[in-house]
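Peer 1: Structure in structure tokens, see below.
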Amino acid sequence: MKKQKVALITGVNGQDGSYLADFLLSKDYRVVGLLRYTASNDSGKLANIQHNLSNPNFSLETGDITDASAMWRIIDKQRPDEIYNLAAQSHVGESYRSPMSTAHIDAIGPLNILETIRCLDKNIRFYQASTSEMYGDTPGPQNEQALFSPISPYACAKVFAHNLTATYRKSYDIFACSGILFNHESPRRGEHFVTRKITKAAANILANNQDKLELGRIDTRRDWGFAGDYVEAMWLMLQNKEPTDYVIGTGETHTVKEFVEEVFSLAGLDINTHMVSTETLYRPHDVAFLLADPTKAETDLGWKRKVGFKQLAKMMFENDTVLIKGKK
Ligand code: F7E
């Protein structure tokens with residue numbers, strides 16, 4: 001009988017972690033999710049994984065990726081075949097306010113995991129969540145050869161982790177790769193990211209809970225895809241013959257304003273009446289233009305996004321409409 005594969009997912013309760021858990025469980029993996037310990041019994045933090053809690057192939061460990069001893073203890077106990085490092089302080093704006101904790105979580109966290117793999121079992125395959133933010137001011141379209149030019153503490157920490165992953169691959173022959181994922185969204189997206197803020201506000205305005213959506217810059221461009229599509233790419237990278245890094249995105253770019261227009265047209269709302277852009281929400285420096293060139297992933301992995309921009313906006317807006325109606 002074929003041995004059941006074991007995957008450890010850090011950040012399992014986040015958007016990507018929860019979609020990846022669903023995906024791997026559907027492939028008959030035993031999935032171990034890592035959660036950061038909190039003394040409060042906040043049920044909200046389990047919302048994205050609630051539906052898997054009774055699955056015998058799903059279990060949770062508590063620990064923090066910034067704690068090397070905790071990572072050693074958990075990896076030694078679980079002996080996973082694959083580790084997906086999705087835990088992060090992932091809010092770019094917040095990284096300006098909390099640069100040190102961002103560096104600890106996003107740079108030292110992956111180092112702790114890679115060191116454990118190196119010392120304990122070099123057969124464990126490792127996936128690092130890299131990001132299009134690393135390109136900063138580099139003009140698009142961005143592919144694997146484009147220059148990293150980070151302009152936020154978040155992006156600086158992610159570049160460190162990205163380079164470290166390649167270093168462990170080259171120096172120690174560890175199957176370690178990074179997915180350079182462009183923005184990816186879903187109904188499970190955190191409410192502080194711009195797409196979810198927009199879809200939630202539109203639903204709230206329709207329900208008379210809110211009058212205006214306040215945003216920062218609306219002229220920045222992002223390549224937005226569906227998170228559910230992107231977790232498959234993570235898995236494909238670890239099933240590859242050779243480890244290497246891949247850009248994952250849609251190959252389409254839109255401004256924040258275009259996302260608002262798309263959602264507001266679904267809601268029948270007037271952008272001039274219900275949206276305002278205020279400088280107080282601007283970042284010290286914002287990435288202006290992101291556009292993925294995912295040719296390498298499409299060619300090597302046979303991966304392609306399924307959900308497009310309009311479908312994504314609709315899916316998220318409809319979900320928030322249902323959620324807000326349910327709260328009334
Ligand atoms: O901002 C602008 C903001 O926070 C998108 C993370 O997952 O993707 C994400 O990073 C744009 C920026 O995503 C608001 O200034 C305007 O230009 O949704 P976001 P992000 O910064 O692109 C990458 C790939 C990651 O790796 C990150 O972890 O929207 N914007 N007004 C706003 N953004 C927010 N959050 N809130 C606003 O009110």
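The values are calculated or read from the model by the stated rules, or taken from the named source; none is laboratory data. Here the structure is a predicted model, which means the values were calculated and not measured. Heads up, the Cβs are rebuilt from the backbone with ideal geometry, glycines too, and the neighbour counts pull from every protein chain shown.
Peer 1: Tally the residues that are over 19 Å from the mean Cα position of the chain (by Cα) and either part of a strand (DSSP E or B) or modelled with pLDDT of 95 or more (or both), restricting the search to the range 26-49. Steps first, answer last, please.
Peer 2: Our first condition is that a residue be over 19 Å from the mean Cα position of the chain (by Cα); within the range 26-49, this holds for 26-30, 37-43.
Next, only the ones that are either part of a strand (DSSP E or B) or modelled with pLDDT of 95 or more (or both) stay: 26-30.
The number of residues fulfilling the criteria is 5.
Peer 1: Before we move on, is Leu290 in contact with a Lys or Arg (Cβ under 6 Å, 6 or more places away or on another chain) and under 22 Å from Glu133 (Cβ atoms)?
Peer 2: On the way: in contact with a Lys or Arg (Cβ under 6 Å, 6 or more places away or on another chain): yes; under 22 Å from Glu133 (Cβ atoms): yes.
Yes, satisfied.
Peer 1: Within the group Asp229, Asp211, Asp223, which residue is surrounded by fewer than 17 Cβ atoms within 10 Å (Cβ to Cβ) and either at pLDDT 95 or above or not hydroxyl-bearing (Ser, Thr, Tyr) (or both)? Reasoning before the result, please.
Peer 2: Values: Asp229 fails: surrounded by fewer than 17 Cβ atoms within 10 Å (Cβ to Cβ); Asp223 fails: surrounded by fewer than 17 Cβ atoms within 10 Å (Cβ to Cβ).
Only one candidate qualifies: Asp211.
Yes/no matrix, rows are residues, columns are (1) within 14 Å of the ligand (Cβ to nearest atom); (2) within 24 Å of the chain's Cα centre (by Cα); (3) among the small types (Gly, Ala, Ser):
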| residue | (1), (2), (3) |
| --- | --- |
| Glu242 | no, yes, no |
| His254 | yes, yes, no |
| Ala267 | no, no, yes |
| His274 | no, no, no |
| Glu279 | yes, no, no |
| Tyr282 | yes, yes, no |
| His285 | yes, yes, no |
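Peer 1: Would you check if there is a residue in the range 306-323 being crowded, with 17+ Cβ neighbours inside 10 Å, under 21 Å from the mean Cα position of the chain (by Cα) and β-branched (Val, Ile, Thr)?
Peer 2: Looking for residues that are crowded, with 17+ Cβ neighbours inside 10 Å, under 21 Å from the mean Cα position of the chain (by Cα) and β-branched (Val, Ile, Thr), one finds at least one in the range 306-323, hence yes.
Peer 1: Let me ask you something else. Which one is surrounded by the fewest Cβ atoms within 10 Å (Cβ to Cβ) among residues in the range 181-208 that are more than 9 Å from the ligand (Cβ to nearest atom) and either closer than 30 Å to Pro139 by Cβ or within 21 Å of the chain's Cα centre (by Cα) (or both)? Walk me through how you get there before you give the answer.
Peer 2: Narrowing the range 181-208 to residues more than 9 Å from the ligand (Cβ to nearest atom): 186-188, 191, 199-208.
Then keep just the ones that are either closer than 30 Å to Pro139 by Cβ or within 21 Å of the chain's Cα centre (by Cα) (or both); that gives 186-188, 191, 199-200.
Values: Ser186: 23, Pro187: 20, Arg188: 20, Glu191: 10, Thr199: 31, Lys200: 23.
Only one residue tops the list, namely Glu191.
Peer 1: Identify, please: which residue in the range 149-172 is aliphatic (A, V, I, L, M) and more than 15 Å from the ligand (Cβ to nearest atom) and is, among those, surrounded by the fewest Cβ atoms within 10 Å (Cβ to Cβ)?
Peer 2: Step one: filter the range 149-172 for residues aliphatic (A, V, I, L, M), giving 151, 155, 157, 159, 161, 164, 166.
Subset that is more than 15 Å from the ligand (Cβ to nearest atom): 164, 166.
Working: Leu164: 19, Ala166: 17.
Here the residue is Ala166.
Peer 1: Got a number for residues in the range 108-147 being within 15 Å of the ligand (Cβ to nearest atom) and among the β-branched types (Val, Ile, Thr)?
Peer 2: Count: 2.
Peer 1: Let me ask something else. Pairs only if they're at least six apart or on different chains, beta carbon under 7 angstrom, first in the range 261-290 and part of a loop (DSSP other than H, G, I, E, B), second exposed (fewer than 14 other Cβ atoms within 10 Å of the Cβ); list them, first residue then second.
Peer 2: Listed by first residue and then by second, the contacts come to Thr278/Glu214.
Peer 1: Restricting attention to the range 87-105, does a residue exist that is more than 23 Å from His192 (Cβ to Cβ), without any contact (Cβ under 8 Å) to a residue 60 or more places away in the chain and either more than 16 Å from the ligand (Cβ to nearest atom) or not assigned by TED's automatic domain parsing to the domain that holds Ala39 (or both)? Explain how you work it out, then say what you get.
Peer 2: Filtering the range 87-105 for residues more than 23 Å from His192 (Cβ to Cβ) gives none.
No: the range 87-105 contains no residue that is more than 23 Å from His192 (Cβ to Cβ), without any contact (Cβ under 8 Å) to a residue 60 or more places away in the chain and either more than 16 Å from the ligand (Cβ to nearest atom) or not assigned by TED's automatic domain parsing to the domain that holds Ala39 (or both).
Peer 1: Can you pull out the residues in the range 223-249 that are under 24 Å from Thr165 (Cβ atoms) and not in a helix (DSSP H, G or I)?
Peer 2: Asp223, Gly225, Asn240, Lys241, Glu242, Pro243, Thr244, Asp245, Tyr246, Val247, Ile248, Gly249
Quick grid of which residues meet (1) in contact with a strand residue (DSSP E or B) (Cβ under 6 Å, 6 or more places away or on another chain); (2) not β-branched (Val, Ile, Thr):
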{"position": "Ser171", "(1), (2)": "no, yes"}
{"position": "Ile180", "(1), (2)": "yes, no"}
{"position": "Arg189", "(1), (2)": "no, yes"}
{"position": "Phe193", "(1), (2)": "no, yes"}
{"position": "Lys197", "(1), (2)": "no, yes"}
{"position": "Ala201", "(1), (2)": "yes, yes"}
{"position": "Ala207", "(1), (2)": "no, yes"}
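Peer 1: Okay, next question. Can you go through Ser18, Ser40, Ser54 and tell me which one is out of contact with any strand residue (DSSP E or B) (no Cβ under 8 Å at 6 or more places or on another chain), touching a residue at least 40 places away in the same chain (Cβ under 8 Å) and on the phi < 0 side of the Ramachandran plot? Before the answer, list the steps.
Peer 2: Values: Ser40 fails: touching a residue at least 40 places away in the same chain (Cβ under 8 Å); Ser54 fails: touching a residue at least 40 places away in the same chain (Cβ under 8 Å).
Exactly one of Ser18, Ser40, Ser54 is out of contact with any strand residue (DSSP E or B) (no Cβ under 8 Å at 6 or more places or on another chain), touching a residue at least 40 places away in the same chain (Cβ under 8 Å) and on the phi < 0 side of the Ramachandran plot, namely Ser18.
Peer 1: Is the range 291-302 home to any residue that is within 14 Å of the ligand (Cβ to nearest atom), modelled with pLDDT of 95 or more and in a strand (DSSP E or B)?
Peer 2: Looking for residues that are within 14 Å of the ligand (Cβ to nearest atom), modelled with pLDDT of 95 or more and in a strand (DSSP E or B), one finds at least one in the range 291-302, hence yes.
Peer 1: Shifting gears a bit: Looking only at the range 130-148, decide whether some residue is among the hydrophobic types (A, V, I, L, M, F, W, C), crowded, with 22+ Cβ neighbours inside 10 Å and farther than 23 Å from Leu281 by Cα.
Peer 2: Step one: list which residues in the range 130-148 are among the hydrophobic types (A, V, I, L, M, F, W, C), which gives 134, 146-148.
Imposing the further condition that a residue be crowded, with 22+ Cβ neighbours inside 10 Å reduces the set to 134.
Checking which are farther than 23 Å from Leu281 by Cα leaves us with none.
No, the range 130-148 has no match at all.
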